[in-house]
Structures are given as structure tokens and as C-alpha cells.
Amino acid sequence: MGIFTIHQIPAITDKGYSLGVASAVSITLSSCSLVVKPIVGLLSERFPPRYLAAICFSLGASGVVVLGLANTMFLLFLFAILYGFGAGASVVFQNIIWADYYGRQHLGAIRGMVAPFAALGGGISPFIAGWMFDTTGSYDSILVMMGGGAFVAAVLIFLAHPPGAPVRDFPDANESNRT
């Protein structure tokens, strides 16, 4: 997400589109992200969150690849719709998946341990994207790579079954009474 915060507008204007077009694409993306959240919230009560996550990661991945290949206004706005729906939905189901997979007892500690790494990735990724732009003269390669990574994530989350309840050994009642 850090890459899009910093490089979304330049990635579009680098393709020769005006700042106005880039702004309209950004507004479309944000609007799609806003609209999808309550819908995904309702769907997450009816369908396994990992399936929704796989769909949303695939939408986001498709959007990123479309932006990398975009050479028409239609493709720019298709990117905004796909990525907006995918990224917007991910915020909703992430919390559900964390709780389903790791339980609620230590959820704060687990999320607290993961958050710095996520922040580090979000902080470093714009620099890497900038370096790749400086090296190649285009954002297209980083966008296609990001899309590929998101497709891999979609497959992995689809395959990740929630763990079963932990098995606990309880002492035999007769053994605990022996002296």
C-alpha cells in the first residue's frame, strides 16, 4: 500500500496522462474502496473469509497489472475499480482472518509483533519503487511484479485452511486422585 500512497499519481502521469486524469483515477479508486467495505462486511458473515480474501487479492493484483499495462483511459479506470475494490475489501476481512487463524486470546500480542514488519515494508517499498523507476524509466515493471506477488498471496490465502481447535491432554481423573 505504501507504493500507491506515494507513486500512484506519478505512475499515471508518467504514462502521459494529465494530473486531472490521474486525480480522477485516484478518486475513483478511493470511491470503490469506500463502497465495497460494507458489502464485504456482510459477505464475510456468509462465506469463509479466506475465499473472500483470495478474490480481493486477485482483484487488487489484476488492477496493479492493468495499471502496469494501461495505455488507454478505459484501462486506467479499470485499474481504479479493480484495485479499489480489492484494497478496500482487504481492510475488512483482515481482522476476521487474524482472529479466526490465531484466536482472540493473544491477538493483540501477535498483531503487535507483525505490525512493525508491515510498517517497515510499507515504508521501504516506495523507495524500492522509486529506485526501479530511476533504473528502468518506468513504473511498469514494479507494477507487474507487485501484481504477481499479490496473485501468489491470493493462492496462498485460498489454500490456508484455518487451524482446528488445539488438542489438550487432560489427566485421567483416576490418576489425579492417587497419592
- Query: Any residue at all in segment 16-30 that is assigned to a helix (DSSP H, G or I), under 16 Å from the mean Cα position of the chain (by Cα) and in contact (Cβ under 8 Å) with a residue 24 or more places away in the chain?
  - Reply: yes
- Hits in segment 1-46 (condition: of a type in the set (Asp, Glu) and more than 26 Å from Trp131 (Cα to Cα)): Glu45
- Message: For a quick check of your reading of the model, give me the residue pairs whose first member lies in segment 101-115 and is of a type outside the set (Gly, Ala, Ser), whose second is at pLDDT below 85 and not in a helix (DSSP H, G or I), with beta-carbon atoms closer than 7 Å and at least 6 apart or on different chains.
- Response: Tyr101/Pro162; Tyr101/Pro163
- Of the residues in segment 82-116, those that are exposed (fewer than 13 other Cβ atoms within 10 Å of the Cβ) and under 27 Å from Gly164 (Cβ atoms) come to Arg104, Gln105, His106, Gly108, Ala109, Gly112, Met113, Val114, Ala115
- Message: Being within 22 Å of Ala153 (Cα to Cα) and among the hydrophobic types (A, V, I, L, M, F, W, C) narrows it down to one residue among Leu76, Leu34, Leu42, Leu52; which is it?
- Response: Leu52
- Could you pull out the residue among Ser90, Ser62 that is under 15 Å from Lys37 (Cα atoms), in a helix (DSSP H, G or I) and modelled with pLDDT of 85 or more? Ser90
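For segment 95-103, check the following and say yes or no: at least one residue is more than 18 Å from Phe158 (Cβ to Cβ) and either among the aromatic types (Phe, Trp, Tyr) or at pLDDT 90 or above (or both).
Of the residues in segment 95-103, the ones more than 18 Å from Phe158 (Cβ to Cβ) are 95, 99, 102-103.
Next cut, either among the aromatic types (Phe, Trp, Tyr) or at pLDDT 90 or above (or both) only: 102.
Yes, segment 95-103 contains at least one residue that is more than 18 Å from Phe158 (Cβ to Cβ) and either among the aromatic types (Phe, Trp, Tyr) or at pLDDT 90 or above (or both).
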- Restricting the search to segment 22-57, which residues are surrounded by 17 or more Cβ atoms within 10 Å (Cβ to Cβ) and either closer than 18 Å to Gly68 by Cα or touching a Cys at 6+ places or on another chain (Cβ under 7 Å) (or both)? Ala22, Ala24, Val25, Thr28, Leu29, Phe57
- Only residues that are in contact with a Phe, Trp or Tyr (Cβ under 6 Å, 6 or more places away or on another chain) and outside any helix (DSSP H, G or I): list them for segment 115-148, please. Tyr139
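The values are calculated or read from the model by the stated rules, or taken from the named source; none is laboratory data. Note that the structure is predicted; figures quoted are calculated from it, not measured. All Cβ positions, even for glycine, are placed from backbone atoms using ideal geometry, and neighbour counts span all protein chains on display.
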